[in-house]
Amino acid sequence: MNLLHGKIALITGASAPNGIGRAIAHKLAENGASVVVTDVAGDLLINDQSHCRLELLKSLVAEIDGTGRTAMWLDLDVTNATDIERCVSRVLRKFGRIDLLVNNAGSTIGADNFLSTTAEQWEKSFQVNILGPMMLCKAVIPQMQTNGGGRIINIGSTGSLGAEAGFGAYTAMKHGLAGMSKTLAAEFGKDGILCNTVCPGYIETDMHLAVNARLASENNLAIEQVKERRYTAVAVRSAGTPQDVADAVVYLSGPNSAYVTGINLPVSGGVPFGI
Ligand code: NAP
């Protein structure tokens with residue numbers, strides 16, 4: 001599978017072992033792209049166990065190298081303009097171009113009942129979910145223009161399309177991210193740059209399992225009851241996998257979507273978008 005042969009991809013928020021970013025990195029590499037995987041430095045807590053994110057990124061690079069594809073890792077806090085500048089120039093020095101930008105890093109901070117959220121949480125959510133992707137797009141678009149085009153894929157959510165109660169800032173920011181994608185699609189289509197938003201529904205990552213746990217504790221329910229309630233609303237009656245989302249990213253990165261821009265693509269098994 002070499003649909004993306006010769007393409008250079010930059011992916012944010014890619015360290016989590018069970019995360020969407022890691023699955024995207026694997027699928028883009030499987031399809032022939034060279035991938036730069038990034039995440040914010042620090043520890044990731046999974047089931048009360050602490051894991052060093054940069055070690056997780058190194059293990060991802062080793063997995064991809066083991067398949068004969070090319071990967072490199074960099075630490076990148078998407079809210080830090082200096083980090084973005086350093087990271088983009090490192091990638092350009094090594095590979096000479098960035099063809100695909102996948103803004104996957106996201107934060108569920110402020111995903112709570114509206115009245116319990118704080119202005120500080122909204123501010124932090126804005127920085128990670130919108131300002132970071134905006135700064136990265138500004139950093140990579142000029143060289144995409146010079147190189148004759150590129151693809152930007154923003155990872156939104158079904159919370160980019162509608163709202164369910166209890167997700168406060170997260171829903172607002174994911175709507176904003178989808179709006180930014182459309183702006184980029186409108187403004188840079190003439191330069192061969194396509195920009196789309198992939199909108200995952202219920203995907204069984206650690207982030208999703210943590211939301212299930214929170215809903216269980218808030219509503220005094222067992223996890224299985226929360227799953228039953230949430231997935232009843234899904235047409236296919238189950239959660240999806242990170243690989244399902246990665247397949248959509250491969251489609252939007254490759255030649256089969258050459259005339260597709262400015263869309264929100266739900267990968268949700270038919271979950272209703274709420275209000
Ligand atoms: P994840 O593993 O937590 O992935 C998000 C990654 O971004 C995490 O490693 C996160 O670190 C990182 N991140 C947070 N702040 C960052 C920053 N300032 N700079 C760089 N990286 C940062 O969760 P996921 O479920 O795979 O989610 C991936 C994307 O899909 C997110 O945009 C999420 O909103 C979206 N999504 C997921 C689902 C789902 O069901 N899982 C549904 C809809 C949309 P921290 O852990 O420290 O925050």
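Just so you know, all these numbers are worked out from the coordinates, no wet-lab data involved. Here the structure is a predicted model, which means the values were calculated and not measured. Positions of Cβ are generated from backbone atoms using ideal geometry, with glycine treated the same way; all protein chains shown enter the neighbour counts.
The figures follow:
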item	result
Computed FRET value (nearest 0.05) for ALA62 with LYS190, which takes r as the C-beta separation and R₀ as 30 Å	0.15
Sequence-distant residues sharing a close amide H with ILE46 (under 5 Å, placed H)	HIS51
Amide H contacts of ARG69 (H built 1.01 Å from N, under 5 Å, at least 5 apart or other chain)	none
Antiparallel DSSP beta bridges within region 1-71, percent to nearest 5	45
Under-5 Å amide H pairs with LEU265, H placed in peptide plane, nonlocal only	THR197, VAL198, CYS199
In sequence order, calculated HN-Hα J values of region 54-69 (Karplus, 6.51, -1.76, 1.60; Hz; x Gly/Pro)	5, 5, 5, 5, 4, 5, 5, 4, 5, 4, 6, 3, x, 8, x, 9
Net length gained if the chain between ALA81 and TYR231 were fully extended (0.36 nm per residue, minus Cα distance)	50.1 nm
Label point distance in nm, THR183-ASP43, each placed 7 Å from Cα along Cα→Cβ	3.8
Cα gyration tensor shape for the chain, rounded if a/c is under 1.5, else prolate or oblate	prolate
Mean separation of Cα contacts under 8 Å, 6 or more apart, over the residue count of the chain: relative contact order %	19
Sites matching GluC sites (Glu not before Pro) across region 191-275 that sit in DSSP coil, with at most 10 neighbouring C-beta atoms within 10 Å	none
Neighbour net charge for GLY159 - beta-carbon separation under 14 angstrom, K R +1, D E -1	0
222 nm mean residue ellipticity, helices alone, for the chain (DSSP H n ≥ 4; -39,500 (n - 2.57); rounded to 500)	-14000 deg cm²/dmol
Residues of type lysines that LYS27 reaches as a straight line, Cα spacing below 24 Å, ignoring anything fewer than 8 places off in the same chain	LYS7, LYS58, LYS94, LYS174
Per-residue HN-Hα couplings for region 108-122 [Karplus 6.51, -1.76, 1.60; θ = phi - 60°; Hz; x = Gly/Pro]	8, 4, x, 8, 7, 4, 3, 5, 8, 7, 10, 4, 5, 5, 5
Computed label-point distance, nm, for sites ALA258 and ASN219 using a 7 Å Cα→Cβ extension	4.7
Proximal lysines to LYS138, defined as alpha-carbon separation beneath 16 angstrom and excluding residues fewer than eight positions away on the same chain	LYS182
Antiparallel DSSP beta bridges within the chain, as percent of all bridges there, nearest 5	15
Rounded FRET efficiency, nearest 0.05, which uses the C-beta distance separating CYS52 from LEU92 and R0 of 25 Å	0.40
